[in-house]
Amino acid sequence: FHALHDALSAHPLAQRMPLSGFLIQPVQRLPRYVLLLGDLLKHTPPEHADCADLASALASMRDVASHINEE
């Protein structure tokens, strides 16, 4: 495992990121989605056809992020 880990870490696509860096990325991505959806919603006029869907998506992502944080 150590040899494989070292070989993969040295690969140019890994950009010298440790395994722990790759493992934390999915967890860090959820808060980014919450921020992105919040920013989209903030810049979407209330009368826009997608406004309600954006608000629903933001609420769902907040629920998912909260659930993961609790677990």
For this session: Could you calculate the FRET efficiency of N69 with L4 from 1/(1 + (r/R0)^6), where r is the beta carbon distance between them and R0 is 25 Å, rounded to 0.05?
Result: 0.20
For this session: Take every Cα pair under 8 Å in the chain that's 6+ residues apart, average their separations, divide by the length, and report that relative contact order as a whole percent.
Result: 23 percent
Exercise. Just the projected area, averaged over all directions, of the convex hull on the alpha carbon atoms of the chain: how many nm²?
Worked result: 6.8 nm²
Exercise. Which whole-Hz couplings ³J(HN,Hα) result when phi for each residue of segment 2-12 is put into the Karplus expression 6.51 cos²θ - 1.76 cosθ + 1.60, θ = phi - 60°, listed in order with x for Gly and Pro?
Worked result: 5, 5, 5, 4, 5, 5, 5, 5, 7, 5, x
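Using a 1.4 angstrom probe, figure out how much accessible area the chain has per residue, in square angstrom, rounded to the nearest whole. Spell out each step's value before the answer.
Numbers: 5790 Å² over 71 residues.
Using a 1.4 Å probe on heavy atoms only, each residue of the chain averages 82 Å².
The values are calculated or read from the model by the stated rules, or taken from the named source; none is laboratory data. Model, not experiment: these values are computed from the prediction. Ideal geometry is used to build each Cβ from the backbone, glycine not excepted, and the neighbour counts take in all protein chains shown. SASA here: full protein model, heavy atoms, side chains in, ligands and nucleic acids out. Shrake-Rupley method; radii C 1.70, N 1.55, O 1.52, S 1.80 Å.
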